[in-house]
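Each remark here refers to the structure printed beneath this line.
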Amino acid sequence: MNDYWSMLFVFVLATFIGLGVIRRVSRLLYTPLMSLTNAISAIAVVGSLAVAGADHPTSIRILGAVALFASMTNIVSGFLITYRMLRMFKKQ
Amino acid sequence: MTQAIAQFAAIAATALFIFALNWMSDPKTARRGVYAGVLGMAVAVLATWVQPEIVHHGWVLAAIAAGFVVGVPLSRVPLTAVPQRTALSHAFGGLAAGLVGAAEFSLWLREGPGQFTTFRTSALVVEVILGFLTFTGSLMAAGKLQEVRWIPQRPVTYPGQNFVNLGVLGAAVVLGVLLVLHPTAPSARTVFPVIMGLATLFGVLLIIPIGGADMPTVISILNAYAGLSAVAMGFVLDNRLLVTAGALDGSSGLILSIIMCRAMNRSFTNVLFGAFGTVQKTKVIAEQKEWKQESIEGAAQLLEQARLVVIIPGYGMAVAQAQHKVRELYDQLTKRGVEVRFAIHPVAGRMPGHMNVLLAEANIPYSALVEMEEINPEMPQCDVALVIGANDVVNPAARTVEGSPIYGMPIIDADKAKTVLAIKRSKNPGFAGIDNALYVQDNTWMLFGDAKAVIGDLVKQFSSGGLH
């Protein structure tokens, strides 16, 4: 629980990796990039699932279930639309 | 055992997400990126689901099923509606973070004061503020992009607006600090919902003064916020995977915001707090010249005789859904040996990369799409620059008229082409309300009308054999 320094450490390193990787993304693909990162940041699904599925009072589980629904919507629509857009990019 | 599964899954998912983004560096490998992302997400979800504390499987299944029911149709929207879909998904991301934050707060209240460490409480405050402001801010942005009737499209400004906005955000932050200092005070139960409310309100206020031309930047900023709210959730839940994936999303939003700001020669603060609408009363171009209108036949002839044609698309092409007709024109011209290239300004359209996706949808090969910096040195050799529904991104005032709201913004040098053909819906000035000297240049010819109709007529000229 007092491990917050290592959490911040992970955050800083992940941000640097993110900056390095994103900087190289093709400019053609900025729109699909945004829908892909959208889907990836719907990793909030993990937190939502833990709140919705654990043995908590109903009111809290309702909050978790709505959050789970919202994250899942982003995952499904994010990956599908990214794929749909990427299929359109043809060289010739 | 299940703990080890969760930890291993977190590492695997993080690696897969990094690969996913890495493969986006080239359209050839990009689809692989989606597979990696899906796999990473599946691993993460399953590893969480098998944990022993998850007992209400019916709830989980129902929420996931509902996500599919809404998510699948949302992925099938027409590509012109992709900006609002993106804004909507930022809203969902913010909502999820905000709601989980609220749930955690109530749980901690039950479990006792030991839960409220300074670090976790601070992270919780950041999570709910970012989450709820992203939620309403993105909803407003999506509404503006979708042109929902009761949300004003034009920037709405009033005196003291920045004061009000910063006051609301400031109040939320001050209450947040109080909550961190005294998490177990009886007032915490009331302070927390107030923070949520203020963040929700701030999201709305933040987007009210923002107009269409700023949308690419604003969507990118909201993207970064959605990522950061996931990071904060990771801190709250002590979950590294949330931190890494959120950081990847946050850095992507940050880079896109910087690129968009640079492409408009504006700063972050200027976009968020200096509404475009307020500065535009100034500057009328000294001499009011007349437009010269060109006939479809004349324009078709100009195009046919050209060696190099550069097409400059803007939001007008998206609005008119003209991309498929543009493809037909591209085919007709290349068939006749004319070299056709598309010059893409970074902020053309309503979100980063908007024009590229629309042109790709119309099957235009991406090798014909050229960035602004690459095409500009070639513009003097360009025989015809065909401007389709673009305005500010080709306005020479950005180079010459000091005091113009777009002064200093990098533009596509359409005015340096030998001839300019500009398709424009009406004779009104563009979004920013600024006169465009390009349209009255000696070598510019206007084609007034809906982009789709005008280009359709041009194509007809070519295919009907009127030209050969």
Hey, B:Val310 hits all of (1) modelled with pLDDT of 90 or more; (2) surrounded by fewer than 24 Cβ atoms within 10 Å (Cβ to Cβ); (3) not assigned by TED's automatic domain parsing to the domain that holds B:Thr136 but one; which does it fall short on? (2)
When the stretch A:4-33 is checked residue by residue, the ones that are within 14 Å of B:Val243 (Cα to Cα) and more than 7 Å from chain B (Cβ to nearest Cβ) are A:Trp5, A:Ser6, A:Leu8, A:Phe9, A:Val12, A:Leu13, A:Phe16
Of all residues in the stretch B:320-336, count the ones that are within 17 Å of B:Ser426 (Cα to Cα) and surrounded by 17 or more Cβ atoms within 10 Å (Cβ to Cβ). 2
Count of residues meeting criterion [facing another protein chain (nearest Cβ under 10 Å) and among the aromatic types (Phe, Trp, Tyr)] in the stretch B:106-133: 1
Filter the stretch B:352-388 down to residues that are touching a Leu at 6+ places or on another chain (Cβ under 7 Å) and surrounded by fewer than 24 Cβ atoms within 10 Å (Cβ to Cβ), then give me how many there are. 5
B:Gly94 meets each of (1) touching a Ser or Thr at 6+ places or on another chain (Cβ under 6 Å); (2) farther than 27 Å from B:Leu16 by Cα; (3) of a type outside the set (Ser, Thr, Tyr) with one exception, condition (2)
For B:Ala97, work out the one condition from (1) at the interface with chain A (Cβ under 7 Å from one of its Cβ atoms); (2) touching an Asp or Glu at 6+ places or on another chain (Cβ under 9 Å); (3) surrounded by fewer than 24 Cβ atoms within 10 Å (Cβ to Cβ); (4) not charged (D, E, K, R) it doesn't fulfil. (3)
Near pairs, Cβ below 7 angstrom, 6+ apart or cross-chain, from the stretch B:1-29 (part of a helix (DSSP H, G or I)) to any residue that is surrounded by fewer than 16 Cβ atoms within 10 Å (Cβ to Cβ) and hydroxyl-bearing (Ser, Thr, Tyr): B:Trp23/B:Thr29
Can you tell me which residues in the stretch B:389-405 are out of contact with any Leu (no Cβ under 6 Å at 6 or more places or on another chain), buried (at least 23 other Cβ atoms within 10 Å of the Cβ) and hydrophobic (A, V, I, L, M, F, W, C)? B:Ala390, B:Val393, B:Ala397
Among (1) outside any loop (DSSP other than H, G, I, E, B); (2) hydroxyl-bearing (Ser, Thr, Tyr); (3) farther than 26 Å from B:His324 by Cβ - the single one B:Ser367 does not satisfy: (3)
Residue in the stretch B:48-56 that is of a type in the set (Ser, Thr, Tyr), in a helix (DSSP H, G or I) and crowded, with 19+ Cβ neighbours inside 10 Å present: yes
For A:Ile62, state whether it is facing another protein chain (nearest Cβ under 7 Å) and either buried (at least 24 other Cβ atoms within 10 Å of the Cβ) or without any contact (Cβ under 8 Å) to a residue 12 or more places away in the chain (or both). no
Pair list, Cβ under 6 Å, 6 or more apart: the stretch B:50-71 residue assigned by TED's automatic domain parsing to the domain that holds B:His90 and in contact (Cβ under 8 Å) with a residue 40 or more places away in the chain, other residue in a helix (DSSP H, G or I) and surrounded by 15 or more Cβ atoms within 10 Å (Cβ to Cβ): none
Check the stretch B:426-444 and report whether any residue there is of a type in the set (Asp, Glu) and not in a loop (DSSP other than H, G, I, E, B). no
Looking at the stretch A:70-91, can you tell me whether even one residue there is closer than 20 Å to B:Phe105 by Cα and either modelled with pLDDT of 95 or more or more than 7 Å from chain B (Cβ to nearest Cβ) (or both)? yes
For B:Arg76, are the conditions met, namely being among the basic types (Lys, Arg), assigned to a helix (DSSP H, G or I) and either surrounded by fewer than 20 Cβ atoms within 10 Å (Cβ to Cβ) or within 7 Å of another protein chain (Cβ to nearest Cβ) (or both)? no
Options B:Ser138, B:Ser122; residue that is buried (at least 24 other Cβ atoms within 10 Å of the Cβ), among the polar types (S, T, N, Q) and assigned to a helix (DSSP H, G or I): B:Ser138
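The values are calculated or read from the model by the stated rules, or taken from the named source; none is laboratory data. Note that the structure is a prediction, hence the values are computed from the model and not measured. Neighbour counts run over all protein chains shown; Cβ positions are idealised from the backbone, glycine included.
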